[in-house]
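A quick write-up on the structure given underneath.
Each reported figure results from applying straightforward, stated rules to the coordinates on display, with no laboratory input. On a predicted model such as this, the values are computed, not experimentally measured, just so you know. We place every Cβ from the backbone using ideal geometry, glycine too, and count neighbours over all the protein chains shown.
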Amino acid sequence: MKITLTGRFTNFVFLPVVLICLACPCFGQEAGKPASDTSAASPAAQTVKDVYSVVQIDEFQIQKGVEFPPVYLDALQKEIVKQLTSAKLFAEVVSGGQKPANPQSRVLRLTGLITNYNPGNRAARYFGGHGAGAAEIDSKLSFLDRVTEQPILSEELRAMLTGGFFGGKSEGALTDYARQVVNKAKLMIHMRLPALGAAPNAAAAEIGSAGSMTPPVRHTVSLTSKDWPGSQSKLEAEAAEGYRVVSVTITGMNTADVELVRVDAIADQYQYRLLHPAMSTNLQKDMRKAAAEGYRAIPHSLVILGNSLTMIMEKSSPPFKDHYQYAVKETVMVSSGQKNTEQLQNEGYALIGELEHGGAHLLLFEKIAPPE
C-alpha cells in the first residue's frame, strides 16, 4: 500500500549542527549494536569504501506519468559518471553494461527512478531572485551490490535546479543534479555495510520470511500535509487492517507516496504516528515523545514535504522488546557529515536516513539503547 503526502513550502530553517539523542522501542537487537544488524557485530565492520572499488551508474528510469524529458537521461548518466570520476570516491566508475578493468572487483550499482518533475517558471528564473522559478526533480536513488542485488542504501533526493531544463541551460541543471547525487555518494561510502541478506526494514523482513502463510498485498493510499489530521487518520485506518509501512517516495514539492504491505494480517497489531515538525530542533521533541510511548522510526522514511520534516514512526502490540537511541546530525559541509557518520558508527549507530535541502545535510542514525 502507498500513501501520498502533500505540503506547502515556506521558509525552512536548518541549524548548522544539531545532535539528537533519544530512546525508542524497536525490534530485537543487542544493546549498543547498529539497528541494521541484529547479529553480533564484528569488531572490524566494513564500510562501503572498504568493500567496493568500482561503482556502476545505470541510466535512470522515469516513473510512469512523470513528464521528465527522456532526451536528458543519457546526458545525466554521463554527467554523474564524470563527477564521480572527478570525486575519486572509487577506483573506477563505469556505466551500466560496462565491465570493470579487474573482473574480481566488487561493484556497487547506482540506480535512479525519477518520481516527479516540475520544469519551474521560465520568467521567474530570468527576472526573479535567488531560486525563483527553479525546476524540481524528485527521485529515488538506490545503491546495491551488482551481483547479489542486496540493497545497501535507498534514499530520496529532491533537487531544486535554478538553471532549469527549459528557459535555462540544460547543461547547468544536469550538472547541479549530478552534484547532489555525488554528495549522496560521498556520505554513503562511509556507511557500514548491513548484514548479509538483511532487509531494509522490519516490514520487508516480514515479507521475505518463510513462515508467511499468504502472499503479501500491496497498494497505495493518498495523504496530504494540508490536512495532517486526515493523513494521520488514514495511516491509522490502514494499520488497523494489518498493513505495515515499506517505503516512502517523494512525488512532488508537497507530496510523497507511502507504500504499505499486508502479510498474515493481525488487526490493530501496528500503529503509526506521522511527525511533521517545521524545524529540525522540533524533530527531537517529537521523536522523544513518540519514543516514550513505544514508537520507533521507520528507516528511510525521513523526507521534507513543503516546510516540514516528515517522519513515520511505528508501534507494535505486543511492544517491541528493545529500545532505540537516535542521533541526528545536520551540517552544511559534506566533510562534516562524513566525520559525523564515522564517529557515530564507532559509537554503535547505523545510518537510517539522509536528506539534503537548501545546501544543508541532515543525517539520521539509530542504535539499540543499553538496558536500564
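Of interest is the spacing of the C-alpha centroids, which for the range 75-93 and the range 332-353 amounts to 23 Å. Placing dummy labels 7 Å off each Cα toward the beta-carbon, the span from SER317 to GLU342 is 4.7 nm. Taking amide hydrogens as placed 1.01 Å from N in the peptide plane, the amide H of LEU153 sits under 5 Å from those of PHE143, each at least 5 positions away in sequence or on another chain. Extension gain, GLN150 to VAL334: 0.36 nm times the residue separation minus the Cα-Cα distance gives 63.7 nm.
Label positions at ASP50 and GLN104, each projected 7 Å from the Cα along the C-beta direction, are separated by 2.0 nm. Relative protection proxy for 100-112, 136-148, from highest mean packing down: 136-148, 100-112 (other beta-carbon atoms within 10 angstrom).
Averaging over all projection directions, find the projected area of the Cα convex hull of the range 230-345 and quote it in nm² with one decimal place. Working shown, then result.
Details: hull surface 33.0 nm².
Across all orientations, the range 230-345 yields a mean hull projection of 8.3 nm².
On the basis of the beta-carbon distance and an R0 of 56 Å, LYS82 and ASP227 show a calculated FRET efficiency of 0.80.
Descending by average beta-carbon neighbour count within 10 Å, the peptides 172-180, 339-347 line up as 172-180, 339-347, the highest first.
Between LEU113 and ALA91, the contour length at 0.36 nm per residue exceeds the Cα-Cα span by 5.4 nm.
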